[in-house]
Every structure is written in C-alpha cells, then in structure tokens.
1. When segment 72-88 is examined, which residues are found to be part of a helix (DSSP H, G or I) and either surrounded by fewer than 14 Cβ atoms within 10 Å (Cβ to Cβ) or at pLDDT 75 or above (or both)?
2. Could we say that E340 is among the charged types (D, E, K, R), part of a loop (DSSP other than H, G, I, E, B), modelled with pLDDT of 65 or more and out of contact with any Phe, Trp or Tyr (no Cβ under 9 Å at 6 or more places or on another chain) here?
3. Condition first: among the small types (G, A, S) and in contact (Cβ under 8 Å) with a residue 40 or more places away in the chain. Now tell me which residues in segment 96-118 satisfy that.
4. Is it the case that some residue within segment 210-233 is over 15 Å from the mean Cα position of the chain (by Cα), farther than 29 Å from Q128 by Cβ and at pLDDT below 95?
5. So which residues in segment 139-162 are at pLDDT 75 or above and surrounded by fewer than 10 Cβ atoms within 10 Å (Cβ to Cβ)?
6. Only residues that are assigned to a strand (DSSP E or B) and not aliphatic (A, V, I, L, M): list them for segment 97-139, please.
7. How many residues are more than 13 Å from the chain's Cα centre (by Cα) and part of a loop (DSSP other than H, G, I, E, B) if we restrict to segment 277-294?
Amino acid sequence: MPNINKLLNKVNQASQAIKSAKGIKAQIASIGYKGGINTEEVDKLQEQAEKARQDLENRRKSLQKGLSAKNSAKKKAKAPKPGFIDLDYPIDSDYDNHIVFETRPRKKRKGGNLLSEKSVSIRLPIPQGGFDAEAKAEYETTEIGAFARGVLGGKNAGGMIEETINAVKGFISDAMGNMGGGIGNLRAGQAKNPMEEQVFKGIGFRSHSFSWTLMPKSKEEALMIERIIAAFKVATLPDTFANYEGADLEWGDSEFSPSENFFNYPNIFDVYIEGPLAKQVERFLPMVCEDVTAGQIDDDDYLITQNTDVQWAGSKTLSLSFKEIKLMSQEVYASRVASEIVVPLIGEWGNLTDTTGSASILEGEQTATATPKEPKSPKT
C-alpha cells in the first residue's frame, strides 16, 4: 500500500504539471505574444508530462492488481484449523505478517469449563512496537576465601594446612583491623580482599509483552475486538472445581463438598509469527498469560454508529504479558527457539546429541485431557 500511495502522489504531480503547461500556453496565446517563447517547446513538455503520467498510472494499476491477487491468495490459503475457533483482526487483513496466539485445551472438569474441549486461534497484526527476543543468564556474587581456593586448586595436605593458617591469620588481622571502626586497617593502609567470584545461578523464564491500538472499521470488527479481549481473559483465568473430583466419595460423605475449593490451571498458549517474517525471527516457547489490560479510547471520533440507538465504542488499547513455561538451554534454543535462517549456522559450532532440554511438567500435563471421576449416586 505505501508504494501505491507514493505512485498516486506522483500521478497527481504529473497531472498538475500538465495543467500548468496548458495554462502557460493558453496565457501566451491569449495575449498574442509572438516572440521569446517557443510554444512548440511547451507542447513537447506537455507531451512528456502526459506520457509520464500515463506510465505512472499504468504502474499503479499493475501494483494494485498484484496486491489484490496477493490478498486473494492469502485469503484462500488461510483455512480454518480443525478444533480451533478463529478470531481475526482485522477481519479482512492485508498485512503481510501476523502474530498468532493459540490456546491448548485445559483439563476438563466435572460440571464443565471453558476452553477445555475447544481452542481459540487469535490472529493479530505484528505489534506496533515490535517485540524483543532475549536470553538471560543469572549470576550471583559469592565470596570464596583462601581455604576454599586451596581446595579448589587441588593442593596437597601441606599446602592446604598452610592455606588454613593463612586464612586464620587473615581473619584475626581483619578482626583486629575492624576494631574501633576500622581505624586499625586505616592506619595500616590495608583493606580486606573479599575474594569474590561470579557464580552461575541459573536461567530465568523468558517474559514477552505485546501491545496494540485496535481501531475497527465496522460494527463487525468492533465486536471481533470484544471477542478477542474476552478470549484472552477467559484463557488467562482459572476455573474452579469441588474436591470430589478424583476422589472416591459418595453423596452424604462428610468429606464431600460441592464448594469450589480448587483452581484448575489456565490455558497454555502457543504463539508464533505467520508470514514472510517467520523465517527471520526467533520462535516462542509455550507460554502462560500473566496480564490482559484493555483500555477504552474515550473519543467520539472513534465511535461507530449504525443507527440512532446503538453506539459501538470499538477503539481499544490492548496490552498482554506472557511468561514462558519452559527454561532455555543450548538444546532448547537450537531446536525450538532459533530462527529458521540461523539453525543451519548453529551446526557449525558443534554437535548436540540431546535436543529435548529441561523437562516442563506443566507443558506435558496440559496436553492430556483429564477425565474426572463421577461421584456415586446418592445413598438410599
């Protein structure tokens, strides 16, 4: 679309140039001026401007035709996935790239719950601010004294005894130096060496944030935005169930309670990029949604009115926060995160025999559908 808009501007400029040329020629003819201006040159300029305008117009039509064909192909190529309810914004999108959020079924519970037998596939444009791809390692500062260094250094018994003696001397000297508020160390011009090291602590779970300003063009798109926001909230929230599930209890048993005293885990999301950009960006690991914030844009200019009775205040801001449920490692990065264009390059740096990485109990649990145990019939 931006290329077409630029061409339209050029077409308009060319049209203005033709009008200017015609105007100049008409003014010259109207005053009967015979010398100094060669009207044949004006005619040539007019012909060149007209030709340029025609070329630009033909180019615009060609681009428009190609774009229409491309959009038609995209619409034909997007087939609904079995078991998923598609929620797309914009409804007739002409964006090349999208980000897709798909829910995994949560455990089915007695009495029924949402998004346990059906899943939603939410398709949105790439967020305006883009998104980050990080890999963080956590370290902590730890003091490793002389004795510990001697052990780590593999010294013999004599060397270790010497290190122990030196460590005790250092402790006493430091204690004496700290007496009186450290005056002893100050006078001696000395300070304790903490002998600190950075010790690897682990890997944190990656977080991702996305935000959009959603401005519908119709009542249908305004309703679609409401459905999308509701779907994110439903998938983020737990449902509740009573304690008779999974227990061999009967009606009337003292332990039996119909109260909702357990939370059922919310849905896990699979998030991915759809479009040409997919091969160039890193992939996401399975995630849970931590926050859904939807804001109403308070401006009459963004109200959609289809009759005198109903106004659809459809323009919204939407912000989402996710956290991955699987820890990153070399194996996980190479097999599940690295972009498609980077994966072949990683093979040049060595071999990975195990590409599974650390296990995620939550990821494995939600792929299975729980069948709750039915309570027995009431006693007679």
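1. From segment 72-88, those part of a helix (DSSP H, G or I) are 72-77; that's our starting set.
Within segment 72-88, S72, A73, K75, K76, A77 qualify.
2. On the way: among the charged types (D, E, K, R): yes; part of a loop (DSSP other than H, G, I, E, B): yes; modelled with pLDDT of 65 or more: yes; out of contact with any Phe, Trp or Tyr (no Cβ under 9 Å at 6 or more places or on another chain): yes.
It is true that E340 is among the charged types (D, E, K, R), part of a loop (DSSP other than H, G, I, E, B), modelled with pLDDT of 65 or more and out of contact with any Phe, Trp or Tyr (no Cβ under 9 Å at 6 or more places or on another chain).
3. Within segment 96-118, the subset among the small types (G, A, S) is 111-112, 116.
Those that are among the small types (G, A, S) and in contact (Cβ under 8 Å) with a residue 40 or more places away in the chain: G111, S116.
4. No; the residues of segment 210-233 include none that is over 15 Å from the mean Cα position of the chain (by Cα), farther than 29 Å from Q128 by Cβ and at pLDDT below 95.
5. Step one: of segment 139-162, the residues at pLDDT 75 or above are 139-144.
T141 - this is the single residue of segment 139-162 that is at pLDDT 75 or above and surrounded by fewer than 10 Cβ atoms within 10 Å (Cβ to Cβ).
6. Here is the first cut: in segment 97-139, the ones assigned to a strand (DSSP E or B) are 98-103, 119-125, 137-139.
The answer is H98, F101, E102, T103, S119, S121, R123, P125, E138, Y139.
7. Total satisfying the criteria: 1.
The values are calculated or read from the model by the stated rules, or taken from the named source; none is laboratory data. Every value quoted in this text rests on a predicted model; they were computed, and no experiment measured them. Backbone-built Cβ (ideal geometry, glycine too); neighbour counts: all protein chains shown.
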